[in-house]
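Novice: Just dropping this structure here.
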Amino acid sequence: MATDRSGADARAAELAAALVRDELRGFPAYTVAYPEGITVKLDANELPFPLPPDVAAELARELAAVDLNRYPDAEHDELRAEIASGLGVDPDSLVCGNGSDEIIGLLINTFARPRPGRARAAVAYPVPTFAVFGGAALAAGCEQVEIPLEADFTLDGERLERAIAAARPNLVFFARPNNPTGTLWPSRQVAEVARAHPDMLVVSDEAYAAFAGDSMIGMTAELPNLLVMQTLSKTGLAGLRIGYLHAAPAILAEVDKVRMPYNIGALNQRASLWILRHCRPLLAERCAQVVRERERLAASMATMPGVRAFPSQANLILFRVGEPGDGRATATWKAMCRRGVLIRSFDRPGPLSGCMRVTIGSAAENDRFLSALADALAA
Ligand SMILES: Cc1ncc(COP(=O)(O)O)c(C=O)c1O
């Protein structure tokens, strides 16, 4: 017989409301829409290709040998060494996170000391950008400093400098390329910020670096306050949740105080290590394929009346349909869902009004996207 939980649930709701931190009230949790009937999933910036079956079978044999009764390597030494060798950096300049999402939270929680005379530490980032920067800053009780991009999503140096001078943030995050706009802000511009503000941590979040061929890793020796984050998620391994941070060991020593022990599971460590050792050329070729598809998609979208696609260096294209506020984008998104194609809508008041974002898929998925978009716009 089912127990009646209504009384307990009501008391739990009262308790949660009484104890939750003020800044979290009214803040929505991150949710992922997944309407029924979707057969083409182009909403989450994943790589569209699974591992080939023979590779997956070999990996399964490798994973069967992992001792699940034991905790994983807390320092993930082998994985760090493998990633470091690919990047050409010292393993001691790397720490892994459960996705780069975790690293964003770790950085903000670690370096959240308010500046003298300020009640809270500030965390800055150009907007629109990846939602986790703001969410993690809010969850850590920091001031969120949003620096508006220009209408074409470029970064104005003077506006950036004024915002930083006024807010004096502890950390500034630059997603390079940016999500959801796909824009690649020049490394020179970000390096200038790091040079001009040696008392601030400047983070180049390079989740999409594989599609842009651009990284600031080579600049970290010259700029001790420059930190670089990357991830395996976008290059075919989103399910493994492996992100990493490259920074000076003194910075990582502080981050390690906040990082939970055993933050990377044993299966995730072994799988990512094995895949990096055996499949790097395969992953690289697939990313190159996505870049070729991105250019094909951009060229097709450029010919569609009423569609404005923004230039992208990532595995995604942001585009606007209709005019901001006319509701056309939302109607188009719904019509595409009915045709089985899921993309991400950002159509709400603000700089992304009228905008949607498509993740670059396989050639067949991209064709489905193009025809669903054309149909939806004609409807
Ligand atoms: C700019 C940016 N940074 C970080 C992440 C998070 O990546 P991960 O899967 O490694 O947590 C994303 C994911 O979409 C992203 O767009």
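Novice: In the neighborhood of Glu75, defined by Cβ-to-Cβ distances under 11 Å, what is the net charge if each Lys or Arg adds +1 and each Asp or Glu adds -1?
Specialist: Values: positive: Arg80, Arg259; negative: Asp73, Asp77, Glu78, Asp92, Asp256.
That works out to -3.
Novice: Run through the DSSP bridge list for the chain and note the antiparallel percent, rounded to the nearest 5.
Specialist: Numbers: 19 of 38 bridges.
Taking every DSSP beta bridge within the chain, about 50 percent pair in antiparallel fashion.
Novice: Roughly how many percent of the accessible protein surface of the chain is carbon and sulfur, given a 1.4 Å probe and a whole-percent answer?
Specialist: Working: 9870 of 17870 Å².
Here carbon and sulfur together make up 55 percent of the probe-accessible area.
Novice: Springs between alpha-carbon pairs under 10 angstrom, Gaussian network model over the chain: which of Ala364, Ala136, Ala18 fluctuates most?
Specialist: Per the Cα network of the chain with a 10 Å cutoff, Ala18 tops the list.
Novice: Next up: Using a probe radius of 1.4 Å on heavy atoms only, what accessible surface per residue do you get for the chain? Whole Å² is fine. Intermediate results must be reported in sequence, preceding the final value.
Specialist: Values: 17870 Å² over 379 residues.
Result: 47 Å² of accessible area for each residue.
Novice: Quote the FRET efficiency, to the nearest 0.05, computed for Val20 versus Met260 with a Förster distance R0 of 30 Å and r equal to the Cβ-Cβ distance.
Specialist: Numbers: r = 22 Å, r/R0 = 0.72.
The value I calculate is 0.90.
Novice: Next up: Over all directions, average the projected area of the Cα convex hull of the chain and note it in nm².
Specialist: Working: hull surface 90.6 nm².
Result: 22.7 nm².
Novice: Also: Starting from the 7 Å offset along Cα-to-Cβ, what nm value, one decimal, do you get for the label separation of Thr3 and Arg118?
Specialist: Result for the modelled spin labels: 4.7 nm.
Novice: Considering Cα pairs under 8 angstrom that are at least six residues apart, work out the relative contact order of the chain and quote it in whole percent. It would help to have the intermediate numbers written out before the result.
Specialist: On the way: 639 pairs, mean separation 83.3, N = 379.
After rounding, I find 22 percent.
Novice: Taking the Cα centre of the chain as origin, work out the dipole magnitude from +1 charges on Lys and Arg Cβ and -1 charges on Asp and Glu Cβ, in debye rounded to 20. Don't jump to the answer; show the numbers that get you there.
Specialist: Details: 39 positive and 45 negative charges, 135 e Å.
It comes to approximately 660 debye.
Novice: Additional query: Add +1 for every Lys or Arg and -1 for every Asp or Glu among the other residues with Cβ under 12 Å from the Cβ of Ser272, and state the total.
Specialist: Values: positive: Arg80, Arg241, Arg270, Arg277, Arg280; negative: Glu62, Glu78, Glu82.
So the environment of Ser272 carries a net charge of +2.
Novice: Select from Ala335, Gln313, Val358 the residue farthest towards the positive end of the dipole of the chain; place +1 on Cβ of Lys and Arg, -1 on Cβ of Asp and Glu, and compute about the Cα centre.
Specialist: Of the listed residues, the answer is Ala335.
Novice: Find which of Phe27, Pro177, Ser187 sits farthest along the positive direction of the dipole of the chain, computed with +1 on the beta-carbon of Lys and Arg, -1 on that of Asp and Glu, about the Cα centre.
Specialist: Checking the options against the dipole of the chain, the answer is Phe27.
Novice: So which lysines can Lys334 reach, going by Cα to Cα under 18 Å and dropping same-chain residues fewer than 8 places off?
Specialist: Excluding near neighbours in sequence, the set is Lys41.
Novice: How far is the Cα center of the range 231-306 from the Cα center of the range 163-206, in Å?
Specialist: 21
Novice: Give me the percent relative contact order of the range 133-267, please, defined on Cα pairs under 8 angstrom at least 6 residues apart. Intermediate values should be presented prior to the final figure.
Specialist: Numbers: 157 pairs, mean separation 21.2, N = 135.
In percent, rounded to a whole number, it is 16.
Novice: For the peptides 141-150, 233-242, what is the packing order when you average, over each peptide's residues, the other Cβ atoms within 10 Å and list the highest mean first? Mind showing how you got there, number by number?
Specialist: Numbers: 141-150: 18.3, 233-242: 21.3.
Averaged packing, sorted descending, gives the order 233-242, 141-150.
The values are calculated or read from the model by the stated rules, or taken from the named source; none is laboratory data. Please read all numbers here as calculations on a predicted model, not as lab measurements. Cβ atoms come from the backbone with ideal geometry, glycine included; neighbour counts cover every protein chain shown. Quick note on the areas: whole protein, heavy atoms, side chains included, nothing else; ligands and nucleic acids left out. Shrake-Rupley method; radii C 1.70, N 1.55, O 1.52, S 1.80 Å.
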